[in-house]
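Here the structure comes first, spelled out in structure tokens, and everything after it is commentary.
The values are calculated or read from the model by the stated rules, or taken from the named source; none is laboratory data. Every value quoted in this text rests on a predicted model; they were computed, and no experiment measured them. Neighbour counts are summed over all protein chains in view; Cβ atoms, including those assigned to glycine, are modelled from backbone coordinates with ideal geometry. Accessible surface areas use protein heavy atoms only, side chains included; no ligands, DNA or RNA. Shrake-Rupley method; radii C 1.70, N 1.55, O 1.52, S 1.80 Å.
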Amino acid sequence: FNTFRMLKLAIVAVFGLLAAPALSDKRKLMDKINKYNLLSRCWGEEAMYKYSMQIWAAMEYCGEAPSAMSPFNPVQDNQLEALRDLLNNPNVAALLKQQGSQSFLGRKKREDYMATEEDKMEFMEDIMDFKTGMQSKIGNLSCVLTQMKMLDASGNINMELYSMKTLYPWLKDTPAGSKPGFLEKMVNGFSDCYDISRSWPQQSLDRNPITKKHGRHMIFFECAKKMEMKLCTKFEMSEWVEKIFGDYSSKLGLPLDKFDAAAVAVMAMHEAQTPEQMFVDDFFWQKSKM
């Protein structure tokens, strides 16, 4: 019985490991679809299609001509020597022995395991492969961002792209861009994100080779993406609340900014729901639990 039970556990463990990447890919696909649909409501299908094709064209170009920008320096001989010294450290050898003596089910093997020279070389190659792979990914992303003019030729954030002068002609006829005050609010958000990225303590960025070189860019783009999603969500809530209440901002004594007012109105309606109403609302609108 115990053997059969352990066999079942092994099968579950293996298939669980195989299913995890598939589930992760499905979540990423759904997140991508949800983001595309939200931004399409904000900017319109045509603008989002052009934006998607711009990303695709940049990826095609950079796949053949990747950028030289990299968070890492090229692999040097002294780095290989440092890895050899690390692997010859008695504490590291003991750790490798301890890890090697465990099976994937957590049961100890009968024989002791000692890392061989071949194991050590494989370990070194894995580290170098990781470093090279990360270098290629960051370099390719830098190339794509440059092609899309989000970075300038020197690799700096191109704030001209995020200015009213640039965005207004492009977005003035879109559903959200045509609303008074929306683009100004977004441009101010981009400016705030840039200021945050510039004022971030360098000491915290220096702790990692990637953030040391690209940390301020990472902070700006993450902030900008989050801000755009938040504003587009407020725009969609504003459209929905306006259909129900008309000019809701002045009638209900909410903030003068209609997009912030919509967020407050929706939150108030949500908080006013009874447990029964919330249960029904979850049934129709929340993610399936199957």
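Computed quantities for the displayed model
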item: Global form of the range 155-275, assessed from the alpha-carbon gyration tensor, a/c cut-off 1.5; result: oblate
item: Backbone HN-Hα couplings from phi across the range 261-272 [Karplus 6.51/-1.76/1.60, Hz, Gly and Pro as x]; result: 4, 5, 5, 5, 4, 5, 4, 5, 5, 5, 5, 7
item: Computed magnitude of the charge dipole of the range 143-290 (debye, nearest 20; Cβ of K, R +1, Cβ of D, E -1); result: 580
item: Dipole axis of the range 152-230 (+1 Lys, Arg; -1 Asp, Glu on Cβ), positive-most option in N208, F182, C193; result: N208
item: Neighbourhood charge, 14 Å Cβ-Cβ cut-off, centred on Y168 and excluding it, Lys, Arg +1 and Asp, Glu -1; result: +1
item: Members of K149/K172; K137/K234; K32/K165; K26/K234; K35/K137; K50/K287 lying beyond 25 Å, as alpha-carbon distances in this model show; result: K137/K234; K32/K165; K26/K234; K50/K287
item: Nonlocal amide H pairs with L151, under 5 Å, H built at 1.01 Å; result: T146, N158
item: Percent accessible area from carbon and sulfur atoms, the range 153-289, protein chains only, probe 1.4 Å; result: 59
item: Note, ³J(HN,Hα) from phi for the range 184-196, Karplus 6.51, -1.76, 1.60, rounded to Hz, x at Gly and Pro; result: 4, 5, 5, 4, 4, x, 4, 5, 5, 4, 5, 4, 5
item: Residue-normalised accessible area of the range 192-287, given per residue in Å² at a 1.4 Å probe; result: 69
